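The values are calculated or read from the model by the stated rules, or taken from the named source; none is laboratory data. Predicted, not measured: the structure shown is a model, and the values here were computed from it. Using ideal geometry, Cβ is built from the backbone for each residue, glycine included, and neighbour counts are taken over all protein chains shown.
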Amino acid sequence: MSNEFQHKSVGSQLSKSEYEHTDGTGHKFDNQATGDILYASSSTVLSKLAIGGTGAVLTVTGGIPAWDTTWTPTGHLIPATDDSYDLGSASAAWQDLFLEGDITLTDAGTLSTSAGALTITSAAAATWSTSAGALTINGTAGINLQEGGSTIIGISDARVISVGADDAGFDVIFYGDTASANMTWDTSVDDLILNGAARIVVPDGQLVLGSTAVSSTAAELNLLDGVSGLVQADFTKLAAVDATSTELNLMDGGSSIGTTTVSDGHGIVMNHGGTMAQTTVQTLAAYLDDEITAMPNLTSVGTLTTLTIDNIIINGTNIGHTSDTDAIAIASDGVVTMNQIPVFSAGINVSGGSIAGTLSTASQTNITGVGTISTGTWQGTAIDGGYINDNIISGQAEITSGLAAADELLYSDAGTVKRIGLDTLATKLFSVASAGTVAQASDHMLFLDNGATGDVIVESIDDFLTAIAGSGVSVSSSQLTVAAGSDTVDMGDGFVMEDGDGTEVTITENKEVKFVEGNGIDINWTDTDNGTDGDPYDLTFTVDHDAATNFVAAEHYDWSSDISGTATIHANNVTDLHGAGVSGSNNQLLTDDGDGTVTSESNLTFDGSTLTVTGDLTPSGTITVADGKDVHLTSTQTNNNYSGVTATFSNATGSTISKGKAVYISGDNQIALARANADNTMPAIGIAIADIANSGTGKVLLSGFIHDSDILDCTIGGEMYVSEDTAGELTKTLPASSGDRVQVVGVGLHADKMFFNPSYDIVERA
């Protein structure tokens, strides 16, 4: 059997040397190799285990030994001596380490990577802890704490701690020892919020709002703590007060009363409708004089037998005038007797009673209500229908002529009287009718009887059809029928056709006109269907210049004037365009001058593959670059030249913007000099390619190459920046002052050449 341990064949007899097999060949494995191992493959058979590969481990499976290159221990793997052996080495490292359980370092140690990044991930919650001492995480180029590949907390090498990224932050909460006390950065509103008992403690004189230091102390600010209801307007009013404390104390009822003499021009302070106001003593004196004289609030003066006020006398039961003392008498029962005719200039208002006798008044224009009046003449503009005479219409003369579209009628709209013009009535009358189905035998229609001056009468549709039936047309069952052979139209006198020489021919009924072909002219009907406006008969004239006899383009067309219409000229019939006024160098394209002449353009050439334009190209539509093609900019400009994308802006700075200066957007299509020391002068968007005068416009290079020994000082491959010191200057020196805005605007190609392509990522120096 293969791989069994065997005796060497010695023939029929076994010698002593053969038995002792001193040559090492007495016993062997078939197919034996160095390193093979002898083992009992059964209780009766010895077999060979071939030598294993380098690094293989001898294991036992089912009682049989075997080599295993992926050996997995089933028990503890413990070195023979503590702290003496390594697992792998610097030159022979294990690839991946998979563990279930803990890693314990009994001595101080370092988890490091000599090449590549160290990444620690966890499928569930992870905890880093130390039972003694501090937990130190050291990253010489910064430390980032990430979740899902996005940085949550980052510590830069400049020791700047950031949470999230620009425009993608996270909430941060700092908790205190007191319940519900915390400081929260809330990204939903981008606010720093203090909750519960949390406070901000700032020493006196250390509070700065914006760039302004608050000099007030806490004690000074606390003076406002007990004042409620204050608004900004209150402080504005207070700022306008320049009164002294003595003057203000007078408003508080100061006990010191002076003896200053009152004279004209002196003022008095008083409450004017809730507002303190000042007036002169003369104004107050005049008011008091009027009030004392009129006495509007005098309610009782005792019993007066006779009272005379100006010329009015009240004496006992009579009220009168000094010249007529009893004009009005009042009896004991309250009856008032007027002994003179009263005059009511403002009218009479009788409420709850009546006027006996006859009341005569002058003509009135402002009576608004008088109850029920049985008779009278009125001139109001709106009169209820009940007051309109029955003959308001029948009593009028009927018109027989002169009816116009502007005339109007009255009608009732659900009980409300309204007017409508005859023109509107004519337009709207039929629109209110409901839809129906025409019945020729029973329906009727309106028409004028006896011409334009006749009456409007009705007539049945059937009678109307019978009336209009004539020769070749009959009516049966209210249907018009055209007799056979009666659907032709007589051409009458026909029509006239005239040729180019002025010869005229009249075409009448059943006559023909033929278009004669020949000498390159082919005439055919290309569409003989229908013959309607939408699909007319089409007669096509085709001129074949190649078939035409003795055709020469220059002889058949006047190149000096406009060629109207559409013409096809075959190339073999055109040998020279100079007769058309075209003369130019090779590859020049032809353009129409707008007056019928053609010009050979020296600034517009095409050699079959390249279209060259000398000057500006102003497309009115989209320029499309096909796959595999490009817009090529030259990077080898001569000095004081550029190549790239430009735009035109205006200068409103008050001074000239010099060539080569970096600019920023300062207004609507306006630019100004950029400078790296402030936000409002950044970012730079371009370079002025020529001087731009104040109030003028000029081109700005937005992206491209520029070569200018007067303005550029570059390092090959080095970055270019906007200067912090000189407005508009480009520099290879990185702005280094605190608050500077660092913007990379290009890369140097040579000492005086650069590729300008500004980045709009601005970094502010700490």
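Note on region 287-359: enclosed strands (runs of 3 or more DSSP E) holding 3 or more residues that are out of contact with any Leu (no Cβ under 8 Å at 6 or more places or on another chain) and at pLDDT 80 or above are 318-321, 324-330, 336-338. The number of residues in region 411-427 that are assigned to a strand (DSSP E or B) and surrounded by 13 or more Cβ atoms within 10 Å (Cβ to Cβ) comes to 2.
Being part of a loop (DSSP other than H, G, I, E, B), hydrophobic (A, V, I, L, M, F, W, C) and at pLDDT below 85: is that true of Leu250 here? Outline the logic, then answer.
Details: part of a loop (DSSP other than H, G, I, E, B): no; hydrophobic (A, V, I, L, M, F, W, C): yes; at pLDDT below 85: yes.
Spelling it out, it is not the case that Leu250 is part of a loop (DSSP other than H, G, I, E, B), hydrophobic (A, V, I, L, M, F, W, C) and at pLDDT below 85.
Provide a single number: the residues in region 707-730 that are in contact with an Asp or Glu (Cβ under 9 Å, 6 or more places away or on another chain) and not in a loop (DSSP other than H, G, I, E, B). Total satisfying the criteria: 3. Exactly one residue among Ser583, Ser600, Ser609 is modelled with pLDDT under 80 and not assigned by TED's automatic domain parsing to the domain that holds Phe705, and that residue is Ser583. When restricted to residues that are within 24 Å of Ile152 (Cα to Cα), loosely packed, with under 11 Cβ neighbours inside 10 Å and not hydrophobic (A, V, I, L, M, F, W, C), region 172-196 contains 3. From the list Ala80, Ala117, the one residue that fits, being assigned to a loop (DSSP other than H, G, I, E, B), modelled with pLDDT of 80 or more and not β-branched (Val, Ile, Thr), is Ala80.
Residues in region 48-77 that are surrounded by 10 or more Cβ atoms within 10 Å (Cβ to Cβ) and in a loop (DSSP other than H, G, I, E, B): Ala50, Ile51, Gly52, Ala56, Thr69, Trp71. Residue pairs whose Cβ atoms lie under 8 Å apart, separated by 6 or more positions or on different chains, with the first residue in region 301-322 and small (Gly, Ala, Ser) and the second part of a loop (DSSP other than H, G, I, E, B) and exposed (fewer than 10 other Cβ atoms within 10 Å of the Cβ), are Gly316/Thr305. Is it the case that some residue within region 507-520 is at pLDDT below 85, in a strand (DSSP E or B) and closer than 30 Å to His444 by Cα? No, region 507-520 contains no residue that is at pLDDT below 85, in a strand (DSSP E or B) and closer than 30 Å to His444 by Cα.
Given the structure, is Thr733 farther than 20 Å from Asn640 by Cα and of a type in the set (S, T, N, Q)?
On the way: farther than 20 Å from Asn640 by Cα: yes; of a type in the set (S, T, N, Q): yes.
For Thr733, the condition - farther than 20 Å from Asn640 by Cα and of a type in the set (S, T, N, Q) - is met.
Scanning region 739-766 for residues that are outside any strand (DSSP E or B) and closer than 18 Å to Ala165 by Cβ yields Ser759, Tyr760, Asp761, Ile762, Ala766.
Within the option set Ile314, Ile341, being surrounded by 10 or more Cβ atoms within 10 Å (Cβ to Cβ) and out of contact with any helix residue (DSSP H, G or I) (no Cβ under 6 Å at 6 or more places or on another chain) holds for one residue only, Ile314.
Out of all the residues in region 541-561, is one or more at negative phi, at pLDDT 70 or above and part of a loop (DSSP other than H, G, I, E, B)?
From region 541-561, those at negative phi are 541-549, 551-561; that's our starting set.
So of that shortlist, the ones also at pLDDT 70 or above come out as 541-544.
Imposing the further condition that a residue be part of a loop (DSSP other than H, G, I, E, B) reduces the set to 544.
Within region 541-561, one or more residues are at negative phi, at pLDDT 70 or above and part of a loop (DSSP other than H, G, I, E, B).
Checked against (1) surrounded by 10 or more Cβ atoms within 10 Å (Cβ to Cβ); (2) at negative phi; (3) at pLDDT 75 or above, Ile257 passes all but condition (1). Restricting Gly718, Gly728 to those that are touching a residue at least 24 places away in the same chain (Cβ under 8 Å) and under 35 Å from the mean Cα position of the chain (by Cα) reduces the list to Gly728. Residue-level analysis places Gly133 outside the set of residues that are assigned to a loop (DSSP other than H, G, I, E, B) and surrounded by 10 or more Cβ atoms within 10 Å (Cβ to Cβ).
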